[in-house]
Each structure stands twice: as C-alpha cells, then as structure tokens.
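The values are calculated or read from the model by the stated rules, or taken from the named source; none is laboratory data. In this text the structure is predicted, and so the values were computed from the model without any measurement. Here the Cβ positions follow ideal geometry from the backbone for every residue, glycine too, while neighbour counts run over all protein chains shown. All accessible areas refer to the heavy atoms of the entire protein, side chains included, with ligands and DNA or RNA removed. Shrake-Rupley method; radii C 1.70, N 1.55, O 1.52, S 1.80 Å.
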Amino acid sequence: MEIYWVKLQAIREETPEINTYYFECPPEFTWEAGAHVHLALEGFNAGEKPNRALVRHMSISTVVSEGMVGITTRVKADCSEFKARLRQLAIGEKIALFKLNHHLVLRRENKRLYLLSSGVGLASFRPLVLDYLADTSNIEQLTMLHVTTQSDALFTDLLGDATSEQIHSQIVYGRNAYYPAVTDLAVDQDGIYYIVGSDEFLHETIALLTKQGISPNQIMIDKHATRQEAFLTKA
C-alpha cells in the first residue's frame, strides 16, 4: 500500500462548522471525480497496528485540474479525536493519503442524472458537477437537489451557477420539503439517481424512490459493493 504524506496548503471556512482542507497534490496522485481516500494524521502507523482513531475515509471535494486535494468536513467544537486534531492542523503540517477508490462516476448513458444530497454530503457531488460542466456528452441533463439548513448552506456559488439548460439545482430546507421534491423528480422513470448523506438519509431516499418505481440499478450510492447490496435490497 502506497502512502502519500502531503502538506496542508490552505483552509477554507465554508460555514461556522464546516471547513475545506486543501492539501498538496503529488504529480503521481490522480483520481476520478467522485473518488474517496483514507486520510490519516501523523502517528497513525507508529505502533504495531494502525491507530484507527487517527484515520478517516473521506470524499475528495476537488478535481485534479484544481491542483489540490480538497477534503470538506464538519468540525464541531465537541468532536472526535481525529476531528479535534484536524482542527488544530497548521499550514505546512503533513497528513497521509492512501487507499484511493471511488464508487460514484457519471454514467454517460444519454439519460438524466439526479444528484440528491444532504448536509456535507454535497461535497461528494462537487467534483461530479465540475466534471459534467467540463464535458456534458451523453448526459441529457443534470439536476441537483440538496437538503440543508440555513446555517449549513454549502457551495452556494456552485449551486447558484447551476442554472443552464443542462443543469438544474434546488436547495430545500428540511426533510418535509425534501420528500415531495424527490417524489416529483422520480416521475422520470428512466433517470439515474445518485444519493449521498447519512445512512438514514440513504435508506429513506432509496425507500421513497423504489416506492415510486425506480429500480436499484438506477440508484448510485457512495458505498462499497458489499454494502450497496445491503442498502438496495432492503428498500
């Protein structure tokens, strides 16, 4: 397993509780939009066994052309040891990147794609949207539906720009507004539906989509294949 030790280059406060951490990108470290990576703090591999408390599996919120590896995450005052140390990380300090993988890709099948997200889950979709804006081929249209709170509005610049004929975007505040919006989207029985958020959010959204007649092979979630089956067969 190859481990890349990379320096923190910048921190952007997205909201009072959500930051994006930008790390340097080694020339040989490349990824596809929708990828995730294991992020580890210094000392995680100092003992006989890795200290799992210092390791997290996170989505990359940037694309390769931006030249930095971006990780967007919630950092509350009351948080885990990993998040507490991440909050204290100074510019120039290093973290480890390893086990790069991805489960979300743009399916270019001449269909409409629907990106359904909650909270910080939107960070997983940011690279897919940028990838789509760079190349819209074989995708009929892209629609984004994001549920959040007023204080947690994330990447509003990206959502605000998504108003062309190829992209539609909608932000709703609260699940009571989200569920009817999903039902309206599911009228498209041929579309492909991407879902990112908490496990509860995934279960509820998948159940709603399947109730509307959307089949499991039309649903994309950011889970390993073995876990995908558990989510999609319970619907």
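Some points to look at:
- Of all residues in the stretch 192-212, those satisfying the criterion of being farther than 28 Å from residue 58 by Cβ and of a type outside the set (D, E, K, R) are 210, 212.
- Tabulated pairs, the stretch 73-91, first open to solvent by less than 40 Å² (accessible area, probe 1.4 Å), second assigned to a helix (DSSP H, G or I) and among the basic types (Lys, Arg), C-beta under 8 angstrom, 6+ apart or interchain: 73/83; 75/83; 75/87
- If you go through the stretch 54-80 and pick out every residue that is in a loop (DSSP other than H, G, I, E, B), of a type in the set (S, T, N, Q) and under 13 Å from the mean Cα position of the chain (by Cα), you end up with 2.
- Residues of the stretch 21-72 classified as exposed (fewer than 14 other Cβ atoms within 10 Å of the Cβ) and either in contact with a His (Cβ under 6 Å, 6 or more places away or on another chain) or small (Gly, Ala, Ser) (or both), total: 7
- Qualifying residue in the stretch 55-64 (condition: over 27 Å from residue 134 (Cβ atoms) and modelled with pLDDT of 90 or more): yes
- Any hit, the stretch 45-53, residues being out of contact with any Gly (no Cβ under 7 Å at 6 or more places or on another chain), basic (Lys, Arg) and in a loop (DSSP other than H, G, I, E, B): yes
- Test: residue in the stretch 205-227 that is among the basic types (Lys, Arg) and either under 22 Å from residue 35 (Cβ atoms) or modelled with pLDDT under 85 (or both): yes
- Residue check for residue 31: more than 24 Å from residue 155 (Cβ to Cβ), of a type outside the set (Gly, Ala, Ser) and in contact (Cβ under 8 Å) with a residue 40 or more places away in the chain: no
- Tally of residues being open to solvent by less than 40 Å² (accessible area, probe 1.4 Å) and in contact with a Leu (Cβ under 7 Å, 6 or more places away or on another chain) across the stretch 93-114: 6
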